[in-house]
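Colleague: Below is a structure I'd like to ask you about.
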Amino acid sequence: MIDNFKEYILCAAINFVDEVKPSSIPEQNGMIICGFRHPEVIVLWNAIHPDKKFTTVKSVQGFITSKGRFVDRQLAADIAWTAGQTYTSKITLYSEDIY
């Protein structure tokens with residue numbers, strides 16, 4: 001059962017940003033594309049932007065939460081553990097860890 005008061009991970013997402021700032025959670029700017037898993041998002045990006053392949057753009061892989069926030073893989077791991085979505089505590093979350 002889902003606890004609507006607790007933040008949890010909804011889906012994989014990639015934040016395509018103009019500038020990636022190291023050691024910080026990316027601001028919700030640029031374009032965020034969601035998908036079931038990260039490779040699906042990459043395929044979608046490449047289909048939408050055939051002239052700008054995924055490997056040539058700045059991006060941060062992460063997840064969308066139940067509160068509508070984009071979070072990086074590290075913060076997502078904490079959220080998923082707290083929400084009971086993973087069986088073990090993780091440092092970095094992958095979509096395979098939650099579904």
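Colleague: So which lysines pass the test for K6, namely a Cα distance under 25 Å, with those fewer than 8 places away in the same chain ruled out?
Modeller: Qualifying lysines at Cα under 25 Å: K67, K90.
Colleague: Which order results if V43, V57, V71 are arranged by neighbouring Cβ count within 10 Å, fewest first? Kindly include the intermediate steps, with their values, before the conclusion.
Modeller: Numbers: V43 12, V57 15, V71 25.
Ordered by Cβ neighbours within 10 Å, fewest first: V43, V57, V71.
Each value in this text was obtained by applying a stated rule to the coordinates, not by laboratory testing. Just so we're clear, the structure is a prediction, and the values are computed from it rather than from any experiment. Glycine also receives a Cβ, built like all others from the backbone with ideal geometry; neighbour counts cover every protein chain displayed.
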